[in-house]
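Each remark here refers to the structure printed beneath this line.
The values are calculated or read from the model by the stated rules, or taken from the named source; none is laboratory data. In this text, all values refer to a predicted model and were calculated from it rather than measured experimentally. Cβ atoms come from the backbone with ideal geometry, glycine included; neighbour counts cover every protein chain shown. Keep in mind that these areas ignore ligands, DNA and RNA; they rest on the heavy atoms of the full protein, side chains included. Shrake-Rupley method; radii C 1.70, N 1.55, O 1.52, S 1.80 Å.
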Amino acid sequence: MLVGKGMLDAPVRAMSSRPSLDYVYETTRLMKSEKGVLYLVNNYTGDRLAFEMAREMAEADGFAWRR
């Protein structure tokens, strides 16, 4: 993973299983900025579900999204 200035700020990665919903949500909350948060998600059902649910939780907490 390329993490650092001008690259990714916070990877959420799980080996051989979907990432934890709590981990995705907490990372989203910690990375919240005026510019927003960009999710780059593999096209696996479990991954997509975890990130979609984390997005919904963040919206419920007042986090605004652009598509």
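Can you give me the number of residues within region 32-58 that are of a type in the set (Lys, Arg), in a helix (DSSP H, G or I) and either at pLDDT below 85 or within 8 Å of the chain's Cα centre (by Cα) (or both)?
Going through region 32-58, the residues of a type in the set (Lys, Arg) turn out to be 32, 35, 48, 55.
Within this subset, residues satisfying the condition of being in a helix (DSSP H, G or I) are 48, 55.
Now drop any that are not either at pLDDT below 85 or within 8 Å of the chain's Cα centre (by Cα) (or both), which leaves 55.
Of the residues in region 32-58, 1 are of a type in the set (Lys, Arg), in a helix (DSSP H, G or I) and either at pLDDT below 85 or within 8 Å of the chain's Cα centre (by Cα) (or both).
Just give me the residues in region 8-27 being in a helix (DSSP H, G or I) and over 15 Å from LEU49 (Cα atoms), in sequence order. Give the steps one after another, and end with the answer.
First, the residues of region 8-27 that are in a helix (DSSP H, G or I): 21-27.
Listed by number, the residues that qualify are GLU26, THR27.
Taking the residues in region 6-44 that are in contact (Cβ under 8 Å) with a residue 12 or more places away in the chain and in contact with a Lys or Arg (Cβ under 8 Å, 6 or more places away or on another chain) as candidates, determine which candidate is most open to solvent (accessible area, probe 1.4 Å). Going through the qualifying residues, I end up with TYR44.
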